[in-house]
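Engineer: One structure, as C-alpha cells, below. Some questions next.
Coordinate-derived values only; no laboratory data. None of these values were measured; they are calculated from a predicted model. Methodologically, a virtual Cβ is constructed for each residue, glycine included, from the backbone with ideal geometry; neighbour enumeration extends over all protein chains shown.
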Amino acid sequence: MIRTLLAATALTLLAAPAGFAGVTKKDSTEQARIGPSVGDMHADFAAVRADGTAITLADISAANGSVVVFSRSLEWCPFCQKQAKELVEATAPLAAEGWSLNLITYDTPEKLTAFGEKNGISYTLLSDTGSAMINAFGLRNHEMPQGSKYDGIPHPAIIFLSPEGQVLAMLREEGYKNRPPVETVLTTAKSLTTTR
C-alpha cells in the first residue's frame, strides 16, 4: 500500500487513485520513522549533477521549490527506471506550477548520464554516491547488508521542498515496486502551490 505524508492543514489529495491514503505524521508511526517530517528543514542539500557539477538547493529550486525523487538505482532497479521514464511527463507541468523536478540515487554521475541520454530524461538527475542526502533525509534502507551492492540505497520517496529547504510534503510507499503515479505528483504540487 502506498501512503502519502502531507501537512494535515496544508492540503489533501484530490481524487487520489485507489491505494493512496492521506495521512499526517501523527497517523502512522511507521511513516514517521522513515523519511523526514513535514516542516523539517534541509537547506544544506548538496549533491552532484549527472554531468559531475556540484549543486545546492538554490541551484535546483524553482519559484515554489523543488520536487526531489529519492530512487534506489537507475542502473539496476527496473521499478526506479520505469518511474524515471514516467516522470518525464511531469517535467513541464511542474515547471508551469513553479517547481523543478529532480531525481537522486546513489549511482555515479556517469551511470546517471548514460541513463538520462538513453531515455531522454529532461529533468535533473543527481548523484549521491556516499548517500549523504539519503542519510540526511532519513531514507536509508538499513536492511541492506553493509558493503553489498545495495548498501546506501534509500526507501523510495518523493519530497516537496520549499526554496528555503522546508519539507512541504512527502509521497512514500511501504514497498519498492509501486510508485506514485504522475497525476498524484502533479496534484500534490498544485495543492501546495495554491496553499503557499
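Engineer: With the radius of gyration and the Kirkwood radius both derived from the Cα set of segment 20-157, what is their ratio Rg to Rh?
Structural biologist: Value, to two decimals: 0.95.
Engineer: What net charge do the residues around I158 carry, taking every other residue with its C-beta under 10 Å from that of I158, with Lys and Arg at +1 and Asp and Glu at -1?
Structural biologist: Charge balance near I158 sits at +1.
Engineer: Once the Cβ-Cβ distance between H142 and T195 is put in as r, and R0 is 35 Å, what FRET efficiency do you end up with, to the nearest 0.05?
Structural biologist: 0.55
Engineer: How large is the Rg to Rh ratio of segment 106-191 when both quantities use alpha carbon positions and Rh follows Kirkwood?
Structural biologist: That ratio is 0.97, to two decimals.
Engineer: Next up: Once you charge only the Cβ atoms, +1 for Lys and Arg and -1 for Asp and Glu, what is the size of the charge dipole of segment 65-111 about its Cα centre, to the nearest 20 debye? The partial results should precede the final answer.
Structural biologist: Numbers: 4 positive and 6 negative charges, 22 e Å.
Here segment 65-111 has a charge dipole of around 100 debye.
Engineer: Only four residue types carry charge here, +1 at the Cβ of Lys and Arg and -1 at the Cβ of Asp and Glu. Report the dipole size of segment 34-195 about the Cα centre in Debye, rounded to the nearest 20.
Structural biologist: 320
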